[in-house]
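Novice: Below: one structure in structure tokens.
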Amino acid sequence: METKSKKEIKGRMLRLLSVDARMSMQDLANNLKTTKVNAYNAFNELSGEYGMRFVPEIGIDKLWKWEFIKRARLRTKRGILAEAVEELPLTGFGEYLVFVKFIGKKPEDGEIVKAMGGSYAAQFAAKVNGENDLVIYVVERSYEDAVRFTDVLSKNLSRYKMVASTTKVWSRFGFFPLSNKLIEQFDIFDTYKNLLFGLNDGGRNTFTDIGKRFNQGPAQMLYAYDRLARTEILKRVSYFEAKPRSTYRIVAVAKIENDKEYEEAKNGWFIKLVKEYEKRENEFVFMCDTPSPRGAVVIAELASKTAANKFLSRMKSGLKGAEISSMQLTKVLVGNLGVRDFDMRYTSQYKRLERNRVVPSIAEKGVEAVENPNAI
């Protein structure tokens with residue numbers, strides 16, 4: 001392949017794999033309008049260059065559906081009303097961000113990791129420079145449980161004085177790869193859980209290989225794949241980069257000061273991001289709205305400090321009605337950033353713009369069951 005053509009093919013392949021990482025090599029070649037050999041070579045180069053890891057992107061906010069169904073199964077209608085519905089508030093999980101500031105002496109990295117080690121809740125934790133010292137992405141049953149996680153962290157680090165704040169996450173773009181320790185907590189049927197374990201260890205593994213690990217057949221894995229996709233628990237099999245392209249990472253926080261100005265500016269700002277993204281590789285790892293402080297949090301990975309300053313400048317000029325502050329993310333302590341080249345049109349933010357009829361509609365590209373479970 002010529003250098004220019006090769007670079008173009010690799011860039012487009014990243015976009016395809018981010019939305020459907022189980023796409024077969026032949027389908028990749030067809031979409032890229034190239035040969036299967038070229039597609040295979042590009043895939044191998046990308047895997048080595050970026051350290052690509054293929055994992056399921058799980059719809060945390062949809063998990064309550066199958067947890068509820070499992071608890072209601074085999075009960076009478078009266079039993080469902082009396083027991084399962086009563087348990088509904090206990091089903092499902094929520095996503096939270098915890099910000100920690102140490103007053104005075106700070107703990108060593110190992111102490112922080114050890115203080116979180118016994119919990120399934122912390123999926124990602126990193127040191128930051130700025131208003132806070134730590135940012136932690138937590139998945140828990142409830143806000144109270146998320147606060148309890150923070151209290152335990154504080155107790156385990158009682159030698160140090162710390163102030164922590166916990167906020168709910170919603171309308172998110174991007175993802176953090178989830179740990180098997182968290183998936184173990186999902187109260188769903190074993191076949192579904194086994195599939196998620198298998199995909200989390202290798203998202204391009206065949207259903208036959210995944211089934212063998214759990215003494216189940218490929219047809220059972222295919223059925224579980226289809227059911228989880230229909231319930232939107234399995235949003236897609238995607239990838240993240242274990243060898244990111246750049247190392248300058250920031251956490252930007254927008255605190256709303258004027259509701260009207262912010263709401264009017266927010267849609268335009270995101271539309272601009274979508275258009276800019278079409279011209280270059282993705283820089284935005286995670287983006288979400290938060291209730292406390294009311295506003296938004298953006299985690300971005302940029303090429304340099306200069307690029308970060310330009311992004312923050314655009315953010316400040318674009319998001320009217322909000323105070324913008326930023327912190328540099330200096331070291332990942334737990335988990336991985338879900339860095340990938342992802343199409344922003346497949347996001348909850350874009351869906352909101354669709355509902356407001358300010359952007360063209362686009363059909364969601366989710367996971368698809370295939371007739372041959374070993375098609376990859």
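Novice: Quickly run through segment 18-60 and pick out the residues that are in contact with a strand residue (DSSP E or B) (Cβ under 8 Å, 6 or more places away or on another chain) and of a type in the set (D, E, K, R).
Specialist: Result: ASP20, ARG22, ARG53, GLU57.
Novice: Also, I was wondering about something else. Output the residue which, of all residues in segment 229-252 that are in contact with a Ser or Thr (Cβ under 6 Å, 6 or more places away or on another chain) and hydrophobic (A, V, I, L, M, F, W, C), is surrounded by the most Cβ atoms within 10 Å (Cβ to Cβ).
Specialist: In this case the residue turns out to be ILE250.
Novice: In segment 113-164, which residue that is assigned to a strand (DSSP E or B) and over 21 Å from the mean Cα position of the chain (by Cα) is nearest to ILE299 (Cα to Cα)?
Specialist: The extreme case among them is ASN129.
Novice: What pairs come out if I take residues in segment 63-75 that are at negative phi and pair them with residues that are of a type in the set (A, V, I, L, M) and modelled with pLDDT of 80 or more whose C-beta lies under 8 Å away, six or more apart or interchain?
Specialist: Once the first residue is at negative phi and sits in segment 63-75, its partners that are of a type in the set (A, V, I, L, M) and modelled with pLDDT of 80 or more give LEU63/ILE188; LEU63/ILE233; LYS65/ILE233; TRP66/ILE188; TRP66/LEU228; TRP66/ILE233; GLU67/ILE188; LYS70/ILE188.
Novice: Would you mind stating whether SER325 is at pLDDT 90 or above, within 30 Å of LYS65 (Cβ to Cβ), assigned to a strand (DSSP E or B) and among the polar types (S, T, N, Q)?
Specialist: Answer is no for this residue.
Novice: Restricting the search to segment 203-243, which residues are touching a residue at least 60 places away in the same chain (Cβ under 8 Å) and either assigned by TED's automatic domain parsing to the domain that holds VAL334 or acidic (Asp, Glu) (or both)?
Specialist: Correct list: ASP226, GLU232, GLU241.
Novice: Criterion first (surrounded by fewer than 15 Cβ atoms within 10 Å (Cβ to Cβ) and assigned to a loop (DSSP other than H, G, I, E, B)) does ASN215 satisfy it?
Specialist: The answer is yes for ASN215.
Novice: Within segment 176-205, work out how many residues are outside any loop (DSSP other than H, G, I, E, B) and either farther than 19 Å from ALA125 by Cα or polar (S, T, N, Q) (or both).
Specialist: 13
Novice: Can you go through ASP201, ASP259, ASP226, ASP190 and tell me which one is surrounded by fewer than 16 Cβ atoms within 10 Å (Cβ to Cβ), more than 21 Å from VAL297 (Cα to Cα), of a type in the set (D, E, K, R) and more than 21 Å from the chain's Cα centre (by Cα)?
Specialist: ASP190
Novice: Count, please, the residues in segment 315-348 that happen to be under 30 Å from SER361 (Cα atoms) and touching a residue at least 24 places away in the same chain (Cβ under 8 Å).
Specialist: 18
Novice: Give the number of residues within segment 112-150 that are free of Cβ contacts under 8 Å to residues at least 40 places away in the same chain and among the small types (Gly, Ala, Ser).
Specialist: 3
Novice: Another one. Only one residue in ASN282, ASN336 is at pLDDT below 75 and under 21 Å from VAL55 (Cβ atoms), so which one is that?
Specialist: Only one candidate qualifies: ASN282.
Novice: Just checking, does segment 18-28 include any residue being in contact with a Pro (Cβ under 6 Å, 6 or more places away or on another chain), at pLDDT 90 or above and outside any helix (DSSP H, G or I)?
Specialist: no
Novice: Could you check GLY211 against (1) out of contact with any helix residue (DSSP H, G or I) (no Cβ under 6 Å at 6 or more places or on another chain); (2) small (Gly, Ala, Ser); (3) more than 30 Å from LYS316 (Cα to Cα) and say which number it fails?
Specialist: GLY211 satisfies every listed condition except (1).
The values are calculated or read from the model by the stated rules, or taken from the named source; none is laboratory data. Quick caveat, the model's predicted, so the values are computed rather than measured. Using ideal geometry, Cβ is built from the backbone for each residue, glycine included, and neighbour counts are taken over all protein chains shown.
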